[in-house]
Amino acid sequence: MAIRLYYHPYSRAAGTLWPLEEAGVPYELEVVDIMKGEQKAPELLARNPMGKVPTLVDGDVVVTEAAAIALYLADRYAPGRLAPAFDDPRRGTYLRWALFAPSVIEPAVMAHLEGWTVKEVAAGWGNYPAMIAAAESAIADKPFVLGDEFSMADVVLGGTLRFMIGFKQIEPTPRFGAYLERLNARPAYQRADAKNLAMREQLGLK
């Protein structure tokens with residue numbers, strides 16, 4: 001049975017095509033019309049109480065949250081290729097920077113854009129400049145998070161940076177730009193991007 005992804009091309013689910021393509025597993029797209037609120041329909045709420053996409057169904061397993069989906073796919077379908085083995089010391093670096101994206105980058109950007117006033121000692125994301133410096137340190141003097149080896153951590157971290165730079169939420173520093181160029185050259189990313197574009201056209205979206 002193919003993996004099913006509840007999806008819309010103008011949602012976070014669009015970014016989930018890349019880890020699916022990297023994992024190399026068959027999958028089907030279940031388009032959810034988020035403009036009509038279909039993500040709140042009972043069928044999807046039964047799988048994801050948040051009523052959001054992406055929601056991935058793999059047999060009896062349901063996985064939500066974009067980063068969790070990517071890490072799940074790497075562990076289950078590409079261990080040793082996209083994810084370090086469980087006893088590999090590099091797994092600490094891998095998890096550190098993969099989870100940095102949703103837990104630090106995203107809230108730090110929102111706080112910066114919305115002008116939230118928070119105590120840095122209480123906020124797990126610290127402050128915006130510190131977040132940028134930390135994100136750049138993840139790829140300082142190396143092509144990927146794990147050095148010369150690409151991993152699913154690059155999909156999560158790089159996908160977050162690409163999205164936020166594209167929407168002008170993060171400044172495109174030279175280091176980020178060079179990193180994204182390397183990631184954009186991945187055949188799996190290019191396939192995912194083409195599928196998202198084709199789906200937008202199919203749905204009459206621009």
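Taken as a whole, the structure leaves ILE139 outside the set of residues that are assigned to a helix (DSSP H, G or I), aliphatic (A, V, I, L, M) and either touching a His at 6+ places or on another chain (Cβ under 6 Å) or outside the structural domain of TRP18 (by TED's automatic domain parsing) (or both).
Conditions (1) closer than 22 Å to VAL109 by Cβ; (2) modelled with pLDDT of 95 or more; (3) out of contact with any helix residue (DSSP H, G or I) (no Cβ under 7 Å at 6 or more places or on another chain), marked per residue:
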residue	(1), (2), (3)
LEU161	yes, yes, no
MET164	yes, yes, no
ARG175	yes, yes, no
ASN184	yes, yes, yes
GLN190	no, yes, yes
ASP193	no, yes, yes
ALA198	no, yes, yes
GLU201	no, yes, yes
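Working only within the stretch 30-70, note down all residues that are in contact (Cβ under 8 Å) with a residue 40 or more places away in the chain, among the aliphatic types (A, V, I, L, M) and touching a Phe, Trp or Tyr at 6+ places or on another chain (Cβ under 9 Å). Within the stretch 30-70, VAL31, VAL53, LEU56, VAL57, ALA70 qualify. Does LEU73 fit the bill of being part of a helix (DSSP H, G or I), touching a helix residue (DSSP H, G or I) at 6+ places or on another chain (Cβ under 7 Å), surrounded by 16 or more Cβ atoms within 10 Å (Cβ to Cβ) and not hydroxyl-bearing (Ser, Thr, Tyr)? In short, yes. Total residues in the stretch 104-142 satisfying the condition of being under 23 Å from ARG186 (Cα atoms), in contact with an Asp or Glu (Cβ under 9 Å, 6 or more places away or on another chain) and either polar (S, T, N, Q) or touching a residue at least 12 places away in the same chain (Cβ under 8 Å) (or both): the figure is 1. If you go through the stretch 23-57 and keep only what is farther than 22 Å from ALA198 by Cβ and part of a helix (DSSP H, G or I), you end up with LYS40, PRO42, GLU43, LEU44, LEU45, ALA46, ARG47.
Is it the case, given these coordinates, that PHE150 is in a loop (DSSP other than H, G, I, E, B) and closer than 26 Å to ARG76 by Cβ? For PHE150, the condition - in a loop (DSSP other than H, G, I, E, B) and closer than 26 Å to ARG76 by Cβ - is met. All told, ALA46 falls short of being within 27 Å of PHE144 (Cβ to Cβ), at pLDDT 95 or above and of a type outside the set (Phe, Trp, Tyr).
Got at least one residue in the stretch 163-173 being touching a residue at least 40 places away in the same chain (Cβ under 8 Å), over 23 Å from GLY80 (Cβ atoms) and part of a helix (DSSP H, G or I)? Looking for residues that are touching a residue at least 40 places away in the same chain (Cβ under 8 Å), over 23 Å from GLY80 (Cβ atoms) and part of a helix (DSSP H, G or I), one finds at least one in the stretch 163-173, hence yes. Of PRO9, PRO26, all but one fail to be under 21 Å from ARG81 (Cα atoms) and of a type outside the set (Phe, Trp, Tyr); the exception is PRO26. Taken as a whole, the stretch 95-116 holds no residue that is touching a strand residue (DSSP E or B) at 6+ places or on another chain (Cβ under 8 Å), under 13 Å from VAL156 (Cα atoms) and surrounded by 13 or more Cβ atoms within 10 Å (Cβ to Cβ).
Of the set (1) closer than 22 Å to LEU203 by Cβ; (2) assigned by TED's automatic domain parsing to the domain that holds PHE150; (3) of a type in the set (A, V, I, L, M, F, W, C), all apply to PHE100 but (1).
The values are calculated or read from the model by the stated rules, or taken from the named source; none is laboratory data. Everything numeric here is computed off the predicted structure, so don't read it as measured data. All Cβ positions, even for glycine, are placed from backbone atoms using ideal geometry, and neighbour counts span all protein chains on display.
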